[in-house]
Structure formats: C-alpha cells, structure tokens
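J.: So that we are looking at the same thing, I have put the structure below in structure tokens.
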Amino acid sequence: MEQRQGRQSMPTEMRALRALRIGLWLLVALAGVGAAVLLLVSSGNPPQLQARAKLDPSFEAIDQNGRRVTERTFQGKPSAWFFGFTHCPDVCPTTLQQLTTSLDQLGEDAKKLTVVFVTVDPERDTPAILKEYMESFHPSIVALSPSAKDLNAIVKGFAAYYAKVPQTEGYTMEHSSLVILRAADGTFAGTIDQHEQAETARAKLQRLGRG
Amino acid sequence: MRGLFLAGAFLLAAPALAHDFQAGELVIVHPTSRATPGGAKVGAGYLTIRNTTSSDDRLVRIESAVADRIQVHASTNENGVARMREMANGLPLPANSEVTLKAGGDHIMFVDLKQPLKAGDKIAATLVFEHAGQVEVTFNVEPLGGAKAGASEHAH
Ligand SMILES: [Cu+2]
C-alpha cells in the first residue's frame, strides 16, 4: 500500500479499480468481524452479568400444576433460577437435588425465596411431564414450561444460554448450569456453581432470602 | 469378539461384596447408577475400568434390557455451561491406565428407560470390549441424593 501513496496521476480506470479493491477488502474485513461475532455467540458462553444488572424479562409460561404464570408472579421476592431439562441424566437431577437439600436445611428461611426451574426443552417437557419429575424434589420449586418464544425471552433476560444438539438419534440440550440468583428488586445477586460445596450454596440461598 | 464366555466364568468367581468384574485382563470397578426422578426417560451409569495391560482397548458397546439405547457421553460443565456428546467410537481404554466415569463428568447414559430406576435396583448389563471380549455386570442403583455427595466433594 505504501508504494502507491506517491502516485499522484493515476488513470481514472485504475482509481476505480483501486476503489473497488478497497471496497472488496472492506467487505472481507466486515465478514471477518461478523464471523468472529458469530463464533463468540455460538461458542455458547453465556454473557457475563454485571453486579446489580436488572433481570426482568417479560414472559408467560405454564407451571407444573398447569397454572399460567408471568414475570409478575415472581416479582418482589428473591428467587433462584435454574435452566435444564428432564432428558438430562446428570447435571440437572444433581442440581435439583442440591437445591432440594438446601431448601430442606433452610427450614423457615426457604419460604423467603422462590426456586424456579425453567425447562429449555419445552418440546418434550410439558407441564404434566414436569409435574411428575418435580415430585422427586422440594415441593416449593416451581417448574416452568414456556413456549419457544417465551423461553428465549427468559433466557435472554437472565443472560442464560441453551442450544439444541442433534444426536445420532434424537437430540440433547446444552444449557447454563449455574443457578442464577435474583434479589427481590429484580437485580442480579450472584450465582451458584454446581462445583461449590453444599454449605456455600445453602449460605448463598439463605443470604438471598434474608435480603 | 462376542463369543468369549471366559468373561462369564470370571463373574461367577468374583466376590459379590467387592462389586468388581473382570473381562480378560480388564477390571471393572463398582458400576453404579442413580435413582431417576419421576417419569425421567434417561439415567446415568458410572464405573471405573482399569487396564493394566500394555495394549489399548476400548469399550465399544453396552447392552441392557433396561433402556432402548445405551451410550457413553463425554460431558463437560465449564464456564457455566453443561454440554454432553456421544462418544460414537466408544470409550478408549489406554494401556496401563484407569478410566473413571463419575457424576459431574463423563458418564454412561441409559436412553429411553423401559422403567424408572429405583434405589436398590440392580441393572444387568453386558459390556463389550474391542479386545477383552464381553462381561456381564450389574449397576447398583443408588439414591438420587446419594451420588450427589460425591459430586459436590470433587475439587475443581
Ligand atoms: Cu449424557
């Protein structure tokens, strides 16, 4: 490029060609940026939440008892949100079991928060399926089966993540594995990682409930 | 590969309490599963396979009447995302090494269970290896909360 800077008198056709070439390179660069953005998105790491970020998507869904709920159902009270699906052999039952144990141990404090399980596979996880599934866990946990559109709204609102992954037969889901904590005012209040000690998780839930 | 009845003879000789099995030179340690939540169509299996020989082997197939399909899944839970994918070529068992499938990591997946798995159940299954032949094993089903203690203890 430097060599060309000195050339003052360039035939018009050449200038046009150069403009075209620059334009094309710009397009290539743009495509590169686009691909990088796509890669970031599809690499599937959920966006990082800022402290006190507002987690307040508008949505509606059906819970495991067939009741219609909306974002309003959960407003004004601390809540803990977990995204999963019932065709999940390991991470989901483990997390729900850990939440169950924590809620059992919190006793009265358990009533100060709502634990919400959102299926990322509403195609298979109907409210009836969720009802049977949730009978194995703490009775206060609310399980939601939203429409695909509402699911996307919830996932986006909580900066969570899910994707459908085809298998040789059927499909499986990859999903956020963190429990996302939301304060009573609707702001982000931390996460619980499955790898954390049970006492740590319980303490976080207790603190969340007490506000 | 499938006609090796030698493995069955080892099973009869294996003490029940140890809950270990042997296929040729391979030792299969303590296969377990976990009770499934209500209505769940999938279950998990865990075990350790010790290959003390100087040649690689591979767990190519698992058969059991308990589920339509049984797969080995590579599973990760990193950066707050849980992912799993089928190990389509089976589970590699490198020479002189021990491979462990455990809660929170790679696992055996029972897909489309014919019946729920309850604590105390024993799942009969056949493990088929590339070189070591095949062996009948039982997966002991532990309580839903039981395997969890192990999962939360592992340090990361
Ligand atoms: Cu799996």
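The values are calculated or read from the model by the stated rules, or taken from the named source; none is laboratory data. What you see is a predicted model; the values in this text were computed from it and never measured. Glycine gets a Cβ as well: all are built from the backbone with ideal geometry, and neighbour counts include every protein chain shown. Note: areas computed on protein heavy atoms with side chains; ligands, DNA, RNA excluded. Shrake-Rupley method; radii C 1.70, N 1.55, O 1.52, S 1.80 Å.
J.: Before we go on, tell me the buried accessible area for the B/A pair, both chains summed, 1.4 Å probe, in Å² to the nearest 100. Present the calculation step by step, with values, prior to reporting the outcome.
T.: On the way: alone 8620 and 12610 Å², together 18360 Å².
That pair hides around 2900 Å² of surface in total.
J.: Set the Förster distance to 35 Å, then compute FRET efficiency between A:GLN50 and B:SER55 from the Cβ-Cβ distance, nearest 0.05. Mind dumping the intermediate values first?
T.: On the way: r = 53 Å, r/R0 = 1.53.
Once the sixth-power term is evaluated, E becomes 0.05.
J.: Looking only at other chains, what is the average number of their beta-carbon atoms within 10 angstrom of each beta-carbon in B:80-92? Numbers along the way, then the final one.
T.: Numbers: counts 15, 13, 17, 9, 9, 4, 5, 0, 2, 0, 0, 0, 0.
Across the residues of B:80-92, the mean count of other-chain Cβ atoms within 10 Å is 6.
J.: Computing the accessible area with a 1.4 Å probe over protein heavy atoms, can you report the carbon and sulfur percentage for the range B:43-156?
T.: Working: 2320 of 4930 Å².
Carbon and sulfur together cover 47 percent of it.
J.: For the range B:96-115 and the range A:154-182, compute the distance between their C-alpha centroids and round to whole Å.
T.: The distance from the Cα centre of the range B:96-115 to that of the range A:154-182 comes to 21 Å.
J.: What are the residues of the range A:114-139 that lose 30 Å² or more of accessible area, with a 1.4 Å probe, going from their chain alone to all protein chains?
T.: By number: A:GLU132, A:TYR133, A:SER136.
J.: Taking R0 as 30 Å, what's the FRET efficiency between A:GLU123 and B:GLU78 from their Cβ-Cβ distance, rounded to 0.05? If you can, show how the numbers build up before the last one.
T.: Values: r = 26 Å, r/R0 = 0.86.
It comes to 0.70.
J.: Please report, as a whole percent, how much of the solvent-accessible surface of the range A:78-211 comes from carbon and sulfur atoms (probe radius 1.4 Å).
T.: Working: 2690 of 4910 Å².
Roughly 55 percent of what the probe reaches on the range A:78-211 is carbon or sulfur.
J.: Would you mind computing the Rg to Rh ratio of the range B:22-156 from its alpha-carbon coordinates, Kirkwood style for Rh? Numbers along the way, then the final one.
T.: Details: Rg = 14.5 Å, Rh = 15.2 Å.
For the range B:22-156, the value is 0.95.
J.: Can I ask one more? Using alpha carbon centroids, what distance separates the range A:187-211 and the range B:30-74, in Å?
T.: 33 Å
J.: Could I ask something else about it? Is the C-alpha gyration tensor of the range A:86-143 telling us rounded, prolate or oblate? Criteria: a/c under 1.5 is rounded; beyond that, a/b larger than b/c is prolate, otherwise oblate. If you can, show how the numbers build up before the last one.
T.: Values: a/c = 2.41, a/b = 1.75, b/c = 1.37.
Prolate shape, in that a/c is at least 1.5 and a/b is the bigger ratio.
J.: Okay, moving on. Work out which residues of the range A:160-176 lose at minimum 50 square angstrom of accessible surface when the other protein chains are put back, relative to the chain isolated, with a 1.4 angstrom probe, and list them by number.
T.: A:GLN167, A:GLU169, A:GLU174
J.: At 1.4 Å probe size, with every protein chain present, just tell me what the per residue accessible area of the range A:59-152 comes to in Å². Kindly include the intermediate steps, with their values, before the conclusion.
T.: Working: 3550 Å² over 94 residues.
Each residue of the range A:59-152 exposes 38 Å² on average to a 1.4 Å probe.
J.: Using the structure shown, select from A:LYS164/B:LYS118; A:LYS54/A:LYS112; A:LYS54/A:LYS204; A:LYS149/A:LYS204; A:LYS204/B:LYS102; A:LYS112/A:LYS204 the pairs with a Cα to Cα distance greater than 23 angstrom.
T.: Details: A:LYS164/B:LYS118 29 Å; A:LYS54/A:LYS112 20 Å; A:LYS54/A:LYS204 19 Å; A:LYS149/A:LYS204 31 Å; A:LYS204/B:LYS102 26 Å; A:LYS112/A:LYS204 13 Å.
Over 23 Å Cα-Cα: A:LYS164/B:LYS118; A:LYS149/A:LYS204; A:LYS204/B:LYS102.
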